[in-house]
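Asks: Structure in structure tokens, see below.
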Amino acid sequence: MSENKRIDYIALFRGSWIILMLMEHINFGAHFDHLIHAFHMPMFFFVSGFFF
């Protein structure tokens, strides 16, 4: 059998960010949009740097 090399906390992080970005793109709310725009791009840079 092959080992599962998946990092569970990273998969959970990515899944939650995908849900948050979907909520942002369907205009979930003005206050929510301001919150997401404050830190969504830096977090994607952090995750991509983690895997680099």
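The values are calculated or read from the model by the stated rules, or taken from the named source; none is laboratory data. Everything numeric here is computed off the predicted structure, so don't read it as measured data. As a convention, Cβ positions derive from the backbone with ideal geometry for all residues, glycine included, and neighbour counts pool all protein chains shown. The area values use the complete protein model at the heavy-atom level, side chains included, leaving out ligands, DNA and RNA. Shrake-Rupley method; radii C 1.70, N 1.55, O 1.52, S 1.80 Å.
Asks: What is the Å³ per residue value for the convex hull set by the Cα atoms of region 1-43? Display every interim value, and only then the final one.
Replies: Details: hull volume 3.3 nm³, N = 43.
Expressed per residue, the convex hull around the Cα atoms of region 1-43 is 78 Å³.
Asks: Computing the accessible area with a 1.4 Å probe over protein heavy atoms, can you report the carbon and sulfur percentage for the chain? Working shown, then result.
Replies: Values: 3230 of 4690 Å².
Carbon plus sulfur share of accessible area: 69 percent.
Asks: So with the 1.4 Å probe, I'd like the accessible area per residue for the chain, rounded to whole Å².
Replies: Accessible surface, normalised per residue, equals 90 Å².
Asks: Top to bottom by accessible area (1.4 Å), largest first, where do F46, F39 land?
Replies: These residues rank, largest area first, as F46, F39.
Asks: Okay, next question. Say each of F51 and N4 gets a label point 7 Å from the Cα, pointing the same way as Cα to Cβ; how far apart are those two points in nm?
Replies: Once both label points are built, they end up 1.8 nm from each other.
Asks: Same structure again: So for M41, M21, what's the accessible-area order with a 1.4 Å probe, most first?
Replies: The ordering from most to least exposed comes out as M41, M21.
Asks: Probe radius 1.4 Å, ligands and nucleic acids left out: which of F44, F51 has the largest accessible area, and how do the rest follow?
Replies: F51, F44
Asks: Could you give the length gained by full extension between I26 and H40, i.e. 0.36 nm per residue of separation minus their alpha carbon distance, to one decimal place?
Replies: Gain in length upon complete extension: 3.5 nm.
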